[in-house]
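These notes are about the structure you will find just below.
The values are calculated or read from the model by the stated rules, or taken from the named source; none is laboratory data. Please read these numbers as outputs of a predicted model, since none were measured by experiment. Cβ sites come from the backbone with ideal geometry, for glycine too, and all protein chains shown count toward neighbours. Only protein heavy atoms, including side chains, enter the accessible area calculation; ligands, DNA and RNA are left aside. Shrake-Rupley method; radii C 1.70, N 1.55, O 1.52, S 1.80 Å.
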Amino acid sequence: MGNERFLNFAIKYGFLILLVGLVIFFSLSTNGFGSARSAVFILQSVAITGILALGVTCTLVVDGFDLSIGSVATSSLMLSSYAMVVLELSAGSAILLCLLMGAVVGLVNGLLIVKFKVPDLLATLGMMFLLIGLQRIPTQGNSVATGMALPDGSTAEGTFSPAFLWLGRHRMDFFLENLLPVPVVIFLLIAVGIWLFLGFTRHGRLMYAIGSNERAAALVGTPVNLFKIVAYMISGVMASVGGMLLAARLGRGDIASGTNLLLDSVAAALIGFAVLGAARPNAFGTAIGALFVGILLQGLTMMNAPYYTQDFVKGAVLVIALVFTFYLSSRRGAGGK
Amino acid sequence: MTEIACKIRGLEKSFGQNHVLRGIDLDLAPGQVTVLMGANGAGKSTLVKVLCGYHRKDAGSLELAGKPYEPADAADAISSGVVTVHQSIDDGVIPDLDVATNLTLDRLTQPGAGLFVHDRKLREAARHVAEGMGLTMDVRTRVGDLDVADRQMIAIARAMARAPRILVLDEPTSSLSATEAARLFQLIDRLRAQGVAILYISHRMSDIRRVADKIVCMRDGAISGLFAEAPLDYEGAVSAMLGHQMTDVDIDPQAGTAPVLEIEGLRLTEDGPTVDFTARAGEVVAVTGLLGSGKTRLAEIIFGLASPPAGTMRIDGDAYAPRHAGEAVARGVFMSPKDRRANAVIPDFDIADNMTLPFLGAFSRLSFLSGRRQRQASDDMIGRIGVVCQGGTDSILTLSGGNQQKVMIGRWLIEPSRVLLLDEPFQGVDIGARRDIGQHIRETANGRATVVFVSEIDEALEIADRIVVLNEGAVAGEHISGKIDLGQLVAQVSGQVAGTAAGKPGATVGAEGQDHG
């Protein structure tokens, strides 16, 4: 009996306790980890990944998967740069263009899955390749920066507008001067938004119903296909937001950036399954999952762990979280019946 | 019967504080079909799971042919000669492989099996097994393409290939039609003659009458009745199972008032016959017929899941042609589908969310849900329909089948409907829950038309004011509760011409239908 209660407790709070334990450990054993600046640094490092992860969470909720988010983000990075530097559009038009691109990619993903019955992993994998290729065509495989040579021999005259760069670089005052970077604020707003949407609205509840038993959801009159397409569109738009924030931080359309985005954000969403023993995709868990990875990497870096161990650490965390989710929860399920 | 194949004494099993088996004593004799009856939650499934090695017993003894038997897992149980065919057929077969491979699968995993699969030899062996079972299909057919009954036979044939001494069949007819079930019963007769001890678990009285040599009733984890002398006392068995006397349901037939759902010239298939059908406010109509008679198709058409090749439908006089389920629900046509596990239950949700799922709009403002109002509505419905649970926040999967079904039906009673369609509402539901559900449906029937689709005639008699018989896509007859000629009803269901029913010369099926219409 006591054993079972311990197991339940471990499943529910294990991950959060581990998180708090890590924070305390790093605060005690390194100099400067437990400061507001350091906390903000961690948030900044996970903001973009977190935004993508929140998007993919929506597709996981309807029992789908979106592998194209990484390439949507890098496409958005290239598109926003190209729009401002080569086409010399304003920041507003560039942002709209990117959001539209994300929505259209999501729509196409959704239609491939719903109408053409392509399995979700394959449809979004195909889309991933397509976008990775497509984003290289306009610039012939080069990065976008002011002064770059164009195919017709002239040079690109446009610049990143200050308003756009503000998105990636400005820091807001919050207790301390120049504390909160804009991407962190956007990440927190999106996290709260998606958390409310998935957890507390009728539409979110129906999305969970679709993920749990699609046929049953359809038989109570839910427009299942519409919901699925919308989930992929949310995912696409979130990824394009992430890509724009990356562009605004870098200040150039760097063709080599963002390669880790897909794996990192999917890992955050999957780690989120284990938070509070939810055993299903949820926005709170995803945000915590992203933070968890951020804290661990920041702490290890401050303890002088070499950078090349980072991917190993992320992988290990993911595997442990998956064991939490699938093995322990299923044991709990079997014990009850 | 001197020898005893399986001897169970003082078997106990608990899950946490839940004492599920409280000392079971049971003997299974070779060449005998022992029917195990019990309401949902009586502990039948747990007993089966202990027998087939899925659960360990807490106390008591198990003996097989005089030797102690303590299965460590399912494989151990099978090698000891205890073979179980579980309720859901697809656990027993691999749908993507052909019949031959399915029948010989176990040989592939035996130690000493060669690296390469010798297809021709395999088919030869499979044909041998199939013939022994009286199966006639081509062994190269993909199992997924067979009908349910054949798949069931394959599952049993696979079990038989292991030459069991004890065969456990857990509700084997729950997804079979009458003719398919008849084939299963022939098979059971053959196995009985071969000296296999069979434990047969079922709710269906018609099955039990057909196969039982001995009836054992379970109630609250204990044996509550044992009937071994012919003729078997079926009514005694039912009351031992329920703990009270089975009373005949009396229905005070309601003729209904204004027509709500009117169907004219509807074709269920491209060039099938036409169906005319009217359901009135306040009446409960049962549509009955064999598998393939068009019942399910008719339900799907009314609920907007399929569009008919021809014909018109009206609701309260207004044209009605739903293109999808959402439109049907918006017009006040609700349907509780058959096969709740696949079509109705949301396994990740609690009772309250499951119950309020179709009408979340009514419990939310600006799309934000009010959990309090959801719980209020579901607690209210839980009380009215008698769901046995702690409360609305229990996971739906903690409920027994009958209680899950109550939640699924209660889901559609939360908001008033014009037409309520219930497709096989009593599937996998024990008699107690079946009574509760039937009674509640009748009590709330005022103001709407209720159409119940059932394949069991007993169930139709128990709930309906009027019974409509479908046969091969056509209305074969219609009967008013209280004046039913059972012989004729059965003849119409099975598609025999009424003339053979004798007694009533000249009363053709069609004319009979007209009389009561």
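So here's what we get for this one:
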item: Label-zone membership for segment B:424-463, site B:ALA182, 7 angstrom Cα→C-beta point, backbone N under 14 Å; result: none
item: Burial of 50 Å² or greater, segment A:178-215 residues [accessible area, probe 1.4 Å, versus chain by itself]; result: A:ARG202, A:ARG205, A:SER212, A:ASN213
item: Longest DSSP-loop-exposure-free segment, trypsin sites (Lys or Arg not before Pro), chain B, at most 11 other Cβ within 10 Å; result: B:1-322
item: HN-Hα J in Hz across segment B:279-286 - Karplus 6.51, -1.76, 1.60, θ = phi - 60°, x for Gly and Pro; result: 10, 9, 5, x, 9, 10, 9, 9
item: Full-extension gain in nm, B:LEU397 to B:SER61, via 0.36 nm per residue minus C-alpha separation; result: 117.9 nm
item: Kirkwood hydrodynamic radius over Cα pairs of segment A:13-336, then Stokes diffusion coefficient at 25 °C and 0.890 mPa s, in µm²/s; result: 120
item: Label-zone membership for segment B:419-444, site B:PHE15, 7 angstrom Cα→C-beta point, backbone N under 18 Å; result: B:429-430
item: Estimated FRET transfer efficiency (A:PHE41, A:LEU96; beta-carbon r; R0 30 Å; 0.05); result: 0.45
item: Gyration tensor (Cα) of the protein assembly as shown, equivalent ellipsoid semi-axes in angstrom; result: 57, 35, 27
item: Net lengthening on full extension, B:ASP458/B:ARG127 (0.36 nm per residue, minus Cα-Cα); result: 115.3 nm
item: Estimated buried accessible area (total), pair B and A, 1.4 Å, Å² to nearest 100; result: 2100
item: Accessible surface of the protein assembly as shown, 1.4 Å probe, proportion on carbon and sulfur as whole %; result: 57
item: For B:350-358, mean number of other protein chain Cβ atoms within 10 Å; result: 3
item: Full-stretch length increase - B:ASP145, B:ASP220 - with 0.36 nm per residue and alpha-carbon distance subtracted; result: 23.0 nm
item: Cross-link reach list, lysines versus B:LYS214, counting only Cα pairs under 23 Å and skipping chain neighbours closer than eight places; result: B:LYS7, B:LYS44, B:LYS49
item: Options B:ALA74, B:SER206, B:LEU421, ranked by Cα towards positive dipole end of chain B, top entry (Cβ charges); result: B:ALA74
item: Span-rule helices in chain A, defined as complete DSSP H runs reaching 20 Å or more along the axis (Cα) with Kyte mean at least 1.6; result: A:36-61, A:91-114, A:120-134, A:182-200, A:283-302
item: Straight-distance crosslink candidates among lysines, where the alpha carbon sits under 27 Å from A:LYS12 and sequence neighbours closer than 8 are dropped; result: A:LYS314, A:LYS337
item: Cβ charges +1 (Lys, Arg) and -1 (Asp, Glu), total dipole of chain B, debye; result: 980
item: Acute angle (nearest 10 degrees) that the helix B:371-385 long axis makes with the longest principal axis of chain B, alpha-carbon atoms; result: 80
item: Proximal charge balance of A:ASN225 [Cβ under 12 Å; K/R count +1, D/E count -1]; result: +2
item: Reachable lysines, given that their alpha-carbon falls under 24 Å from the alpha-carbon of B:LYS483 and they are not under 8 places away in the same chain; result: B:LYS295, B:LYS504
item: Degrees between helix B:119-132 axis and first principal axis of chain B (Cα, 0 to 90, nearest 10); result: 80
item: Ranked by how many other beta carbons lie within 10 Å on average, peptides A:13-22, A:159-168, A:227-236, A:201-210 from highest; result: A:227-236, A:201-210, A:159-168, A:13-22
item: Dipole magnitude of the protein assembly as shown, debye to nearest 20 (Cβ charges: Lys/Arg +1, Asp/Glu -1, about Cα centre); result: 2020
item: Heavy-atom accessible area per residue - segment B:347-410, 1.4 Å, Å²; result: 41
item: Accessible area of segment A:13-336 divided out per residue, in Å², using a probe of 1.4 angstrom; result: 43
item: Calculated [θ] (222 nm, deg cm²/dmol) that DSSP helices of n ≥ 4 give over the protein assembly as shown, each run adding -39,500 (n - 2.57); result: -15000 deg cm²/dmol
item: Selected from A:VAL62, B:MET137, B:ILE484, residue furthest toward positive end of dipole (the protein assembly as shown; charges at beta carbon); result: A:VAL62
item: √(5λ) per eigenvalue of the Cα gyration tensor, segment B:347-410, largest first, Å; result: 20, 11, 10
item: Folded to 0 to 90 degrees: helix B:431-443 orientation relative to chain B principal axis, Cα; result: 0
